[in-house]
Amino acid sequence: MINKESPLPIYYQLEEGIKKQIEDGVLHPGDTLPSEREYSEIYSISRMTVRQAISNLVTEGFLERKRGKGTFIAQKKFKQNLKGLTSFTEEMKKRGLEPETIMIHFNKIPASITLAGKLEIEAGTQVFEIKRIRLADGTPMAYESLYVPAHLLPELTIELAKSSIYDYAESMAGLEIGQAVQELEAVTAKKREAAMLEVKEGSPILCIMRKTRLKDGTVFEVVDSYYRADRYKFAVEMER
Ligand code: 16G
């Protein structure tokens, strides 16, 4: 795994070696990683070097540190294809995972000028302000902050919003969700997001801003979603 003649830094070689072992199934998700001492003895390298490689792999989401228990191989990241306009519920079900929602906030408020601008409605129009944690098989994946004009979903309740808003909109409210524009940005978790996503403050987070329209062009929702970068990656297909 380590070639001391190589111009590549040793920590980097170790990092790549561990990644390859995960890829090849030599190390399995949930396994304990060999200790710093073992790596340093096997490859005759300093513990500082091993520590650097491990800490980079933790930041990148390949390894996970559990306090008082050690370092483990992390579960594989979810890859979401950004081709179709899907909901969280659909994405999780597609993978055979049980979606779940913890409702943090559910309220009707008059839209501020800024929000009204984004939703393309008059300022003061009633909108649902919904903040929820989305989980898959009990693990928090994302925290969403969502705004929908209330007149589009007049019967929306907390219970319905804890399930699938897209499903409710399409199968019960008779709306046709059409298209969306999404922006992705890397941010670090602030105290509040870190607590909700069960990560350390400062951990990498993927922030996705989605604006969805109905088929007739009406803005249906604006959503800021914060996804755990150690659990999620997004794939974009391109053609030319
Ligand atoms: C996804 C969407 C979000 C939408 C939600 C509906 C992204 C980045 N965001 O989380 O915009 O409101 O699905 O999910 O994909 P639901 O139908 O399960 O409530």
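The values are calculated or read from the model by the stated rules, or taken from the named source; none is laboratory data. Everything numeric in this text was worked out from a predicted model, so none of it was measured. Glycine gets a Cβ as well: all are built from the backbone with ideal geometry, and neighbour counts include every protein chain shown. SASA here: full protein model, heavy atoms, side chains in, ligands and nucleic acids out. Shrake-Rupley method; radii C 1.70, N 1.55, O 1.52, S 1.80 Å.
Per-residue HN-Hα couplings for region 221-238, Karplus 6.51 cos²θ - 1.76 cosθ + 1.60 at θ = phi - 60°, whole Hz, x for Gly and Pro?
Running phi through 6.51 cos²θ - 1.76 cosθ + 1.60 with θ = phi - 60° gives 7, 10, 9, 9, 10, 10, 9, 5, 6, 7, 10, 10, 9, 10, 10, 10, 9, 10 Hz.
At q = 0.25 Å⁻¹, work out log10 I(q)/I(0) for region 141-215 with the Debye formula, treating every Cα as an identical point scatterer and leaving solvent out; two decimals please.
Results for region 141-215 at q = 0.25 Å⁻¹ read -1.13.
Under 8 Å for C-alpha pairs, at least 6 residues apart: give me the relative contact order for the chain, rounded to a whole percent. Write down the numbers at each step before the final one.
On the way: 424 pairs, mean separation 40.3, N = 240.
Dividing the mean separation by the residue count of the chain yields 17 percent.
How far is helix 10-23 tilted off the main Cα axis of the chain, in degrees rounded to 10, range 0 to 90?
Helix 10-23 and the main axis of the chain meet at about 60 degrees.
Report the Cα-based extents of the chain along its three principal axes, largest first, to the nearest Å.
Extents along the principal axes: 67, 46, 34 Å.
Dipole size in debye (nearest 20) for the chain around its Cα centre, Lys and Arg Cβ +1, Asp and Glu Cβ -1?
620
Cross-link partners among aspartates and glutamates for Lys76, C-alpha distance below 12 Å, same-chain residues fewer than 8 apart left out?
Cross-link targets: Glu23, Glu60, Glu64, Asp230.
Mind putting a number on the dipole of region 103-149 about its Cα centre? Charges go on the C-beta only, +1 for Lys and Arg and -1 for Asp and Glu, and I need it in Debye to the nearest 20.
Around 100 debye, computed over region 103-149.
Angle check, please: helix 47-59 long axis (alpha carbons) against the longest principal axis of the chain (alpha carbons), in degrees 0 to 90, nearest 10.
On a 0 to 90 degree scale, this one is about 20.
Please report Rg (one decimal) and Dmax (integer) in Å for the Cα set of region 31-116.
When restricted to Cα atoms, region 31-116 yields Rg and Dmax of 21.0, 65 Å.
Residue by residue, what Karplus-based ³J(HN,Hα) values in Hz, rounded to whole numbers, does region 140-146 have, using 6.51, -1.76 and 1.60 with θ = phi - 60° and x for Gly and Pro?
Here the 3J(HN,Hα) series is x, 10, 8, 10, 10, 10, 10 Hz.
Express the carbon and sulfur contribution to the solvent-accessible surface of region 95-240 as a percent, rounded to the nearest whole number, probe 1.4 angstrom.
Of all accessible area on region 95-240, carbon and sulfur atoms account for 49 percent.
What whole number of Å gives the distance from the Cα centroid of region 107-137 to the Cα centroid of region 190-210?
20
Considering only His105, Ala161, Leu206, whose Cα is most displaced toward the positive end of the charge dipole of region 78-235, charges sitting on Cβ of Lys, Arg (+1) and Asp, Glu (-1)?
Farthest towards the positive end: Leu206.
With 22 Å as the limit, write out which pairs from Lys93/Lys162; Lys108/Lys190; Lys83/Lys233; Lys93/Lys200; Lys118/Lys215; Lys83/Lys215 have Cα-Cα distances beyond it, or answer none.
Check vs 22 Å cut-off fails for Lys108/Lys190; Lys93/Lys200.
Over region 10-73, average the accessible area per residue using a 1.4 Å probe and give it in Å², no decimals. Kindly include the intermediate steps, with their values, before the conclusion.
Values: 3760 Å² over 64 residues.
About 59 Å² of surface per residue is accessible.
Of the chain, which part is the longest with no GluC sites (Glu not before Pro) in a loop (DSSP not H, G, I, E, B) and with at most 15 other C-beta atoms within 10 angstrom?
Here the longest run is 61-119.
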